[in-house]
Amino acid sequence: MSQQTPFTSRRGLLFGTAAVSAGAFLTACTSNEPKSEKTAANDTPATDGKPGTHVTIGFAGPQADHGWLNAINDNAKSRAEKYEDVTLEITEGSNDTAAQIGQIETLINKKVDVLVVLPADGKALTQVGLKAMRAGIPVVNLDRIFNTPQAYRCWVGGDNYGMGLNAGHYIGEKLKGKSDARVIELAGLDNLELTKQRTQGFDDALKNYPNIKKVARQAAEFTVESGQAKMAQLLQAQQKFDAVWNHDDDQGVGALRAVEQAGRDGFLMVGGAGALSAFEAIKQDNGVLKATVLYPPTMAASAIDLARALGQGKGIGGLAEYEIPASITLYSAVVDKDNVDRYMPTGFR
């Protein structure tokens, strides 16, 4: 979905995570680097070609109080470093909307060429996005969307509905030969629109499998502690089930602790986000966690590619159009033991 409903909770940034970056494809038509084997933070090659016009990119995001947000910052910095024709002006992240607005206004006053903004609050920061656009500075709106398309030139972000959809299809295919299959759901914060989207996608996918019934759902808080507590409740209430989908790999660490403490097995677990700990557990394949659906922090690397292309007046490789798209929704790939090695470099701590 190319448009997402904005939300105000600071935990709203903790979307979990997902797939290999669109940055693999969002390569500007010209570049500064000769062909090399060097890779960006998302383990995909930086763009090839000749040097282009120098571009100063201002990057403003919220406080990195979650593994996914740290990965966002790391991906942006690492991608920018691949380009000799890019200077990255990065602010100190803040969850205070007034502080973040002030930081963006400073970048506007510095007359950066392009802005990349992951707002702490999409609604509250819409006006400063509009201010930048009116000043002739194109804005790449990263993940949490502003209230109006007039506040950004391009939006790039993840697909919460797609996370649920792909988790549901994966579980459905694993259980399609089992009659009267039972699944449970460990969701995220219920006051966030993203949680509702993930649950809706999951429920819609399960409609394709009449043999499967969702028998319980519990909302956690995207934290290890809440994941452990809420999973313990689910395990106590449900003596038998075949699969569980957990919305976030951080709270999944706690959920797996609860499973171990209860001495339970005989079901499969699918996570959500793309944490390194989840990838490692999937690779070891000696527990209930068999897969995770991604919400990729590598989108920040893609945002840098897009900003550079905008600053140089270029389109992107692989598309016939002269201009970059108005919005790009990344795919929530499913990572299991068959493809985990490919995604391991994208895992966040």
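The values are calculated or read from the model by the stated rules, or taken from the named source; none is laboratory data. These figures come from a predicted structure and were not determined experimentally. As a convention, Cβ positions derive from the backbone with ideal geometry for all residues, glycine included, and neighbour counts pool all protein chains shown. When the accessible area is computed, the model is the full protein with side chains, heavy atoms only, and any ligands, DNA or RNA have been set aside. Shrake-Rupley method; radii C 1.70, N 1.55, O 1.52, S 1.80 Å.
Quick notes
- Whole-percent carbon and sulfur share, accessible surface of the chain, 1.4 Å: 47 percent
- Degrees between helix 67-81 axis and first principal axis of the chain (Cα, 0 to 90, nearest 10): 30 degrees
- Taking a straight Cα-Cα cut-off under 18 Å and skipping sequence neighbours fewer than 8 places away in the same chain, the aspartates and glutamates within cross-link reach of Lys290 are Glu173, Glu185, Asp242, Asp248, Asp249, Asp250, Glu260, Asp265, Glu280, Asp336, Asp338, Asp341.
- Convex hull per residue volume in Å³, alpha carbons only, for segment 135-242: 118 Å³
- Counting 0.36 nm for each residue step from Glu323 to Thr87 and taking away their Cα separation leaves a gain of 82.8 nm.
- By average C-beta atoms within 10 angstrom, highest first, the peptides 262-270, 75-83: 75-83, 262-270
- Cα pair distances of segment 268-335 binned at 5 Å [whole percent]: 4, 15, 20, 15, 11, 10, 10, 8, 5, 2, 0
- Cα convex hull of segment 55-200, projected area averaged across orientations, nm²: 10.5 nm²
- Accessible surface, per residue, of segment 252-349 when the full set of protein chains is kept, probe 1.4 Å, Å²: 41 Å²
- The residues of segment 83-165 expose, per residue, 37 Å² of accessible area to a 1.4 Å probe.
- Beta bridges per DSSP with both ends in the chain, % antiparallel, nearest 5: 10 percent
- Above-threshold pairs, the threshold being 32 Å between Cα atoms, out of Lys123/Lys240; Lys110/Lys314; Lys82/Lys230; Lys240/Lys283; Lys178/Lys337: Lys123/Lys240; Lys82/Lys230
- Each listed q (0.13, 0.14 Å⁻¹) maps to a log10 I(q)/I(0) for segment 215-346 from the Debye sum over equal C-alpha point scatterers, namely -0.62, -0.68.
- Taking the alpha carbon gyration tensor of segment 97-182, multiplying each eigenvalue by 5 and rooting it gives semi-axes of 41, 12, 9 Å, largest first.
- Taking the C-alpha atoms only, the angle from helix 299-311 to the longest principal axis of the chain is near 20 degrees.
- Just so you know, the Cα atoms of the chain work out to an Rg and Dmax of 20.4, 63 Å.
- Listed peptides 209-216, 191-198 appear in the order 191-198, 209-216 once ranked by packing, highest mean of other Cβ atoms within 10 Å at the front.
- Using just its DSSP H runs of length 4 or more, each adding -39500 (n - 2.57), the chain gives a mean residue ellipticity at 222 nm of -11000 deg cm²/dmol after division by all residues.
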